[in-house]
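Undergrad: Can you keep this structure in mind? I'll have questions shortly.
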Amino acid sequence: MSVDQIKEISVIGSGAMGSQIAMVAALSGFDVKLQDINEESLGKAEKELRFRLNKRAEKGKVSKKEVEEAFSRLTFLSSLEDAVNNSDFVIEAIIENVEVKKELFEKLDKLAPPHAILSTNSSTIVSSKVAHHTNRPEKVCNFHFFNPALVMEMVEVVQGPHTSEETSQTAFELAKKLNKTPILLKKEISGFVANRILGKVMNEAFICMKMKSRQQKRSTLPVQRH
């Protein structure tokens, strides 16, 4: 499947990440279905999105017409079947629990059309952990946005050993259509790119702080006179 064939996108999970990813897609002209089993969470997501988009409109970052058109393309649903039965690209954005994700991907595989790509927004759980719980592992990949998704530009597309070249390239091109800057990893690595770099920076900062603390302790020691 090519990126031009993607007309409808489904986002599973209406938390801060899922709801903003859904709006990013709606603002980019796609028909979007945002699904969550919790009706209260869906209501909260819609309210929060309207608040955020109105603020962006006030700042001139988006027009009021664009906001209303985006909301007209965005549907809030509690039924997983209704959310994915006509989807071309599914983005999972639920809790970071691998067992829950495995169960979800099994359901998505049964409910979504055979051509649909099934992706996970997870930055800690690689798609190989869930891909083989479907009958389409070649159509499964990581598609990782950064928080807040409405603002942050980078998207990490990770091609696992099971992911086809076609799937990773389609996901890469989709990120561009969502007005994001994608990077493609052709190997699953812990932390992907950004978090891996961040981890190294934090480790280095911690080492520097320890060294500075030791130097300060030495400078405050009393001078021994003989």
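The values are calculated or read from the model by the stated rules, or taken from the named source; none is laboratory data. Just so it is clear, the model here is predicted, and its values are computed rather than measured. All Cβ positions, even for glycine, are placed from backbone atoms using ideal geometry, and neighbour counts span all protein chains on display. Areas reflect the complete protein model, heavy atoms only, side chains present, ligands, DNA and RNA absent. Shrake-Rupley method; radii C 1.70, N 1.55, O 1.52, S 1.80 Å.
Undergrad: When residues of region 55-76 are filtered for being in contact with a Ser or Thr (Cβ under 9 Å, 6 or more places away or on another chain) and open to solvent by less than 40 Å² (accessible area, probe 1.4 Å), how many remain?
TA: 2
Undergrad: With among the aliphatic types (A, V, I, L, M), part of a loop (DSSP other than H, G, I, E, B) and buried (at least 18 other Cβ atoms within 10 Å of the Cβ) as the only criterion, which of ALA149, ALA175 stands out?
TA: ALA149
Undergrad: Residue by residue through region 129-145, note down the ones that are within 20 Å of GLU96 (Cβ to Cβ) and either in contact with a helix residue (DSSP H, G or I) (Cβ under 7 Å, 6 or more places away or on another chain) or surrounded by fewer than 17 Cβ atoms within 10 Å (Cβ to Cβ) (or both).
TA: Within region 129-145, LYS129, VAL130, ALA131, HIS132, HIS133, THR134, VAL140, CYS141, PHE143, PHE145 meet the criteria.
Undergrad: Continuing with this model, one more query. Search region 154-169 for residues being of a type in the set (D, E, K, R) and either over 12 Å from MET1 (Cβ atoms) or touching an Asp or Glu at 6+ places or on another chain (Cβ under 6 Å) (or both), and hand back the single one that is most open to solvent (accessible area, probe 1.4 Å).
TA: GLU165
Undergrad: Let me ask something else. Can you tell me how many residues in region 37-73 are within 22 Å of LYS107 (Cβ to Cβ) and out of contact with any Phe, Trp or Tyr (no Cβ under 8 Å at 6 or more places or on another chain)?
TA: Qualifying residue count for the region: 5.
Undergrad: Quick one: count up the residues across region 79-101 that are part of a loop (DSSP other than H, G, I, E, B), in contact with a helix residue (DSSP H, G or I) (Cβ under 7 Å, 6 or more places away or on another chain) and either open to solvent by 50 Å² or more (accessible area, probe 1.4 Å) or modelled with pLDDT under 95 (or both).
TA: Counting residues in region 79-101 that are part of a loop (DSSP other than H, G, I, E, B), in contact with a helix residue (DSSP H, G or I) (Cβ under 7 Å, 6 or more places away or on another chain) and either open to solvent by 50 Å² or more (accessible area, probe 1.4 Å) or modelled with pLDDT under 95 (or both) gives 1.
Undergrad: Taking the criterion of being modelled with pLDDT of 95 or more, among the β-branched types (Val, Ile, Thr) and farther than 23 Å from GLN5 by Cα, would at least one residue in region 24-36 satisfy it?
TA: Checking region 24-36: not a single residue is modelled with pLDDT of 95 or more, among the β-branched types (Val, Ile, Thr) and farther than 23 Å from GLN5 by Cα.
Undergrad: Any chance you could count how many residues in region 102-139 are farther than 17 Å from ILE6 by Cα and assigned to a loop (DSSP other than H, G, I, E, B)?
TA: Total meeting the criteria: 12.
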